[in-house]
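Input: a single structure, listed below in structure tokens.
Just so it is clear, none of the values below were taken in a lab; they were calculated from the coordinates. Please read all numbers here as calculations on a predicted model, not as lab measurements. Note that we place each Cβ from the backbone using ideal geometry, even for glycine, and neighbour counts take in every protein chain shown.
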Amino acid sequence: MHVAKVQIEGITPYSQSRFTLNEFEKREKESHEDYDERVWREKAHYNKDGNVVIPQMAFKTSLQSAAQYLGIQIAGKGKATYTKHFVSGVLVMNPPVIIPHYTRETVEMEMVHCASNGMKGAAAKGKVWRRFPVMPEWSCEVVFDVLDDIITEEVFITHLRQAGQFRGIGRFRPESGGYYGRFSVKNYEWSEQKF
């Protein structure tokens, strides 16, 4: 197994859109507008210290998506690509804390005019204003456990850099047709860890 400690720097703002209705139910006679205004901060993910964190699956799925998108073939394995190896062979165990620290009190708000049903194109119904937490500047350290030895240091970093450019993380990322959540790899350490 290898461990990659990666210093990530956001190159576009980062925004989250965690589903809140299960935890924060609408009050009696509360409008959608009033509800959204009351709970928009809760659309972000926080750790026990109250700092905004990035769900660890965000980076894992970004890497998986990049592997599928790139379709780089494994030398000596015919047409086989790295996709399945990133799906089952890479983990992020802890959610990275965003630097500078954003909290419920300091996270910024962005209003977006979007479809009331969250759909795009012909399926979209009626436009409404929605509020989302946004971090204009951000960076973090992400620790990846690379369990699959077929993923070498060079393969891993190539895919991660491409994930940052073309897939991104969070709400309105490139993978979903937006431009938020893009990142670059500023520095990394690659080490072997034995069980």
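Quick notes on this structure:
- For the chain: lysine pairs under 25 Å (alpha-carbon distance), excluding those fewer than 8 apart on one chain: 24
- Solvent-free Debye calculation, one equal scatterer per alpha-carbon of the chain: log10 I(q)/I(0) at 0.08, 0.17 Å⁻¹ equals -0.31, -1.12.
- By the beta-carbon count within 10 Å of each Cβ, the least crowded to most crowded order of 24, 144, 19, 59, fewest first, is 19, 24, 144, 59.
- Mean separation of Cα contacts under 8 Å (6+ apart) over length of the chain, as relative contact order %: 39
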